[in-house]
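The values are calculated or read from the model by the stated rules, or taken from the named source; none is laboratory data. For clarity, every value in this text was computed on a predicted model and none was experimentally measured. As a convention, Cβ positions derive from the backbone with ideal geometry for all residues, glycine included, and neighbour counts pool all protein chains shown. Surface accessibility is based on the protein's heavy atoms, side chains included, excluding ligands, DNA and RNA. Shrake-Rupley method; radii C 1.70, N 1.55, O 1.52, S 1.80 Å.
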Amino acid sequence: MRFSSAIAAVMLFFCLNAAQAAICSNSPSVGTTCTFNANDYSMVLPEEITLDATCRAADAKAFVFVQNSLWNAGVVQADIDALLDAFTDQAPQGSGGIYAQTTALLGGMPDNWDYSDRLYIVVQDIHSNAAIEPVTAYFRKADLEKDYYNQPSPGSNKHEIVFLHYENLSSTARQADLAREMGGICAWGRDNDEDDWVLDSLGRANAWLMGYEDFLPDIQDFADEAYPLVGIEQGGRMALDHGATLLFALFLADAYNPTILSDWAMEAANGPQGLEDILYLWEPDIVFGDIMLNWAVWNFVNYGQFAYSLLELPSFDTRIISTLPKSVSMGIKPWTASAVRIRLSDIAFSDKLAIDVTLPELSDYRAALVWLDNGSKERGAVNVQKLELVSAQSSHFEFSEIDPAFDWLYVILSHHGEGADAAWSIDAEKISPQPDGDGEDSEVSPDGDENAPDGDGENSESVPDGDESAPDGDEAASDGDETAEDGDSEIESDTDGGPLVFGDLDCHQLNRCYTDCDSATCREGCVESGTMQAQEQWTAYIACLTGENKEKINCLDLVTRVERDDCEARNCAAPSASCKLIEEPEPTGKGGGGCSSAAANAAILSLALSFVILLLLRRSAAGH
């Protein structure tokens, strides 16, 4: 019986070898035609196909094949030459081409089959479904893997191959795809069971660090809508947000050093655990939850020592509390973060800020407070405090003696584990001192009261995992007695003045208030008819236009309309999309009216002032 089993094993060995012999030779010459196993991505899961391709170029680092049906019918020799120059000679930045920089960062090419460190590049007409995900490049793990008996996977080409889509082959976008996929191959060679999101993260960062910024739109999409860092399984495949994976790797490179990506690629443990293991050399006590929270602080704040240097980061979506009292709610998905920012300009030094944070049933979460002076008062400071919250409960905090230098307070929540989509909420209000019987001010609601951090204090460099430590020795205390209210309808005043009611105009319509109204009273009434969200959007839009933007310039102060429009497009694209004036068609014939640019800008500023005055009037009417 044992003898028969041994014979069967030997026969199987030779049959497998015969069935999976290398399709193309190890050293093909230009003009050699080979048949490759490739993928079709028209459906949810890739389908294996075969294609015939001919070698059109070769050098010491690569063989370049082109699908036969594409030669001189979508791909010409000049495309191949440009691609090979970038691959072998010089990428947009850094020392050397894609090959040299990739192997320097992520290690050499894996060599399981062809006894060569040269990469096969196969130019293909890749069929993919844009509704699922457009595919412009890929590599197949089947071409790299060995089984327990040192045998290839079924359908293996037995070469390290990157398949590239043929369109725009000489563009930097396609070169970026090549750098990304080669980076994934080299990272796989260091850890052949690594999580897909890590391979994607390392591959995309590899391309970015050598000057390919073609993936920036992916980061913009992620900034607009959070998506789980580790991806979501859909129909048997792992759907990734490539903006999230890229930005996470760039955060690590910026916050630590690009060499941390090399360490991560070589670490045997996978996913979050692998990153924790290599970060032990940088921060011995850090865990992945702290890393996720630090990353969230960088994404939402992006200022001072928490600012990216490797890219101009798009603004991340946050809920804004610009008037108090107010309640807002936000969504939180697994492996993501969300934030609220509270404007502090209306908080006097003698006032207190009270916030109630209500969490859903969550595990694996972290939270932070970030006090920000963004330089509007010519100082600039960021202080970070870890915030201790309780799952499925409300936590109450009060802050007094808030330094006037601080413009904003961010409340950031990150979730670094599995679970369902959920929502959390914040209720914020200002507590002003009330005069006592002797005519002197008395303190209100002393429970949980702590001093806010000093704007002159040292900037915090990270969010610690241990005991809560506020800058300058101050702590935010919680008594957990308050419950946040629903902020979806009207906001109740903390006095007897009654509710503050909002209208139904959107932000585009608020922007028309200055063209449709002839008086300040009309404009104030018009603004008051905006929804709560519209008024938040309007406040953020005006703030961005008048200097609270990445360039720190007042777009409305520029001389020409072209300059103003360009400034708005560069700095305020997101708030502009919500609030920009929608031009109505001018009437035909003579006499088409309208404000001049100067008048329009003056009116915008006037409306902004009117809005502030309106809020003060409403606050006074509510009993403040």
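The residues on offer are D285, D193, D214, D224, and the sole one that is charged (D, E, K, R), free of Cβ contacts under 8 Å to residues at least 60 places away in the same chain and out of contact with any strand residue (DSSP E or B) (no Cβ under 9 Å at 6 or more places or on another chain) is D214. Of all the residues in the stretch 49-74, those that are in a strand (DSSP E or B) and among the acidic types (D, E) number 1. For A255, the conditions (1) within 17 Å of D195 (Cα to Cα); (2) within 21 Å of the chain's Cα centre (by Cα) all hold with the exception of (1).
Let's see how each residue does on (1) touching a strand residue (DSSP E or B) at 6+ places or on another chain (Cβ under 9 Å); (2) of a type in the set (K, R); (3) farther than 20 Å from Y308 by Cβ:
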position: Q234; (1), (2), (3): no, no, yes
position: L240; (1), (2), (3): yes, no, yes
position: F248; (1), (2), (3): no, no, no
position: F251; (1), (2), (3): no, no, no
position: D254; (1), (2), (3): no, no, no
position: P258; (1), (2), (3): no, no, no
position: A265; (1), (2), (3): no, no, yes
position: A268; (1), (2), (3): no, no, yes
position: G271; (1), (2), (3): no, no, yes
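Just one of (1) in a loop (DSSP other than H, G, I, E, B); (2) modelled with pLDDT of 95 or more fails for L246. It is (1). Does D427 satisfy being buried (at least 19 other Cβ atoms within 10 Å of the Cβ), assigned to a loop (DSSP other than H, G, I, E, B) and modelled with pLDDT of 55 or more? Here the answer is no, as D427 does not meet what is asked. For V328, the criteria (1) over 30 Å from W208 (Cα atoms); (2) open to solvent by less than 30 Å² (accessible area, probe 1.4 Å); (3) in a loop (DSSP other than H, G, I, E, B) hold in every case but one, which is (3). Being at pLDDT below 95 and within 25 Å of S309 (Cβ to Cβ) is the requirement here; does D214 meet it? No; evaluated as a whole, the condition is false for this residue. Number of residues in the stretch 275-322 that are modelled with pLDDT of 90 or more, among the acidic types (D, E) and either over 19 Å from V382 (Cα atoms) or surrounded by fewer than 18 Cβ atoms within 10 Å (Cβ to Cβ) (or both): the value is 3. Of all residues in the stretch 150-163, those satisfying the criterion of being of a type outside the set (K, R), part of a loop (DSSP other than H, G, I, E, B) and open to solvent by 10 Å² or more (accessible area, probe 1.4 Å) are N150, Q151, S153, P154, G155.
Kindly establish whether A176 is under 22 Å from the mean Cα position of the chain (by Cα) and either basic (K, R) or at pLDDT 95 or above (or both). Yes, satisfied. The set of residues in the stretch 156-173 being over 27 Å from the mean Cα position of the chain (by Cα), under 22 Å from P28 (Cβ atoms) and not β-branched (V, I, T) consists of S156, N157, K158, H159, E160, F163, Y166, L169. Among residues of the stretch 33-48 being open to solvent by 40 Å² or more (accessible area, probe 1.4 Å) and either part of a loop (DSSP other than H, G, I, E, B) or under 30 Å from A60 (Cβ atoms) (or both), the one that is modelled with the lowest pLDDT is V44. Scanning the stretch 74-96 for residues that are surrounded by 20 or more Cβ atoms within 10 Å (Cβ to Cβ) and touching a helix residue (DSSP H, G or I) at 6+ places or on another chain (Cβ under 8 Å) returns L83, A86, F87, A91. Looking at the stretch 56-65, can you tell me whether even one residue there is closer than 23 Å to G31 by Cβ, within 32 Å of the chain's Cα centre (by Cα) and of a type in the set (V, I, T)? Looking for residues that are closer than 23 Å to G31 by Cβ, within 32 Å of the chain's Cα centre (by Cα) and of a type in the set (V, I, T), one finds none in the stretch 56-65, hence no. Give the number of residues within the stretch 185-243 that are within 22 Å of N129 (Cβ to Cβ) and either assigned to a loop (DSSP other than H, G, I, E, B) or under 15 Å from the mean Cα position of the chain (by Cα) (or both). Looking only at that region, the number is 19. Taking the criterion of being of a type outside the set (D, E, K, R), farther than 23 Å from A100 by Cα and more than 36 Å from the chain's Cα centre (by Cα), the residues of the stretch 31-55 that qualify are G31, T32, T33, C34, T35, F36, T50, L51, A53, T54.
For the stretch 260-274, a residue qualifies if it is part of a helix (DSSP H, G or I) and in contact (Cβ under 8 Å) with a residue 60 or more places away in the chain, and the qualifying residues are L261, S262, W264, A265, M266, G271, P272, G274. Of all the residues in the stretch 207-256, those that are more than 25 Å from L281 (Cβ to Cβ) and β-branched (V, I, T) number 2. Can you name every residue in the stretch 164-184 that is assigned to a helix (DSSP H, G or I) and not acidic (D, E)? Correct list: T172, A173, R174, Q175, A176, L178, A179, R180, M182, G183, G184. For the stretch 75-102, the set of residues classified as touching a Lys or Arg at 6+ places or on another chain (Cβ under 9 Å) and part of a loop (DSSP other than H, G, I, E, B) consists of G97 only.
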